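Rule-based calculations on the coordinates, nothing more; no lab input. Since the structure is predicted, the reported quantities are computational estimates derived from the model, not experimental observations. Virtual Cβ from ideal backbone geometry, glycine too; neighbours counted across all protein chains shown.
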Amino acid sequence: MGTLRPERSTSRISAASALAADERLSIVLGCRIVQLPRIEDARGNLSFVEGNLHIPFRVRRVYWVYDVPGGAARDGHAYRTLEEFIIAASGSFDVAIDDGRHEQVVQLNRSYVGIYIPPGVWRTLENFSSNSVALILASQAYSEGDYVRDYPEFVQSRKGQ
């Protein structure tokens, strides 16, 4: 299912590069890039995320997207009330975030950096590298009624806010 979206300029940022440069980022509607703790060890590195500490919600559901063909995209959607945190557990991909007026593309390519997305933001996962894994932590259990899958409906709902 494709979405009809108007042509507009989109800013693109690399999450890891932005954090490394300690840039203050302008990011769409309450979204933010989060650097997670990283424990380096010769035997392998370890990172972790704790709800209500690194992200502003208690984790109620975890799911992952994988085996996406290289360069492909997953159709976008928004949530009415769900919050999520997305990490590139392996490989890289872009997260396009859109508040109905502004769009920004954030490249995730480090397993210790993620993006927090509040309710009411349209998000699309795209440009997957081969063998990448998108790990998503969600604030609620699955509920089809919480999804907004129609982009024009999403834009119309944002106009009232």
Would you mind computing, in nm to one decimal, how far apart the modelled labels at Glu40 and Arg74 are, each placed 7 Å from Cα along Cα→Cβ?
-> 3.1
Relative contact order of the stretch 10-159, defined on C-alpha pairs under 8 angstrom at six or more residues apart (%) | 33
Nearest 20 debye, what's the magnitude of the dipole of the stretch 10-159 about its Cα centre given +1 on Lys and Arg Cβ and -1 on Asp and Glu Cβ?
-> 220
How big is the gap, in Å, between the Cα center of the stretch 84-161 and the Cα center of the stretch 40-80?
-> 10
Going by how many other beta carbons lie within 10 Å of each one, how would you line up Trp64, Trp122, fewest first?
-> Trp64, Trp122
Can you tell me the relative contact order of the stretch 75-161? Whole percent, Cα pairs under 8 Å, sequence separation 6 or more.
-> 42
Going by C-beta contacts inside 10 Å, put Glu40, Glu84, Glu103, Glu144 in order with the fewest on the left.
-> Glu144, Glu40, Glu103, Glu84
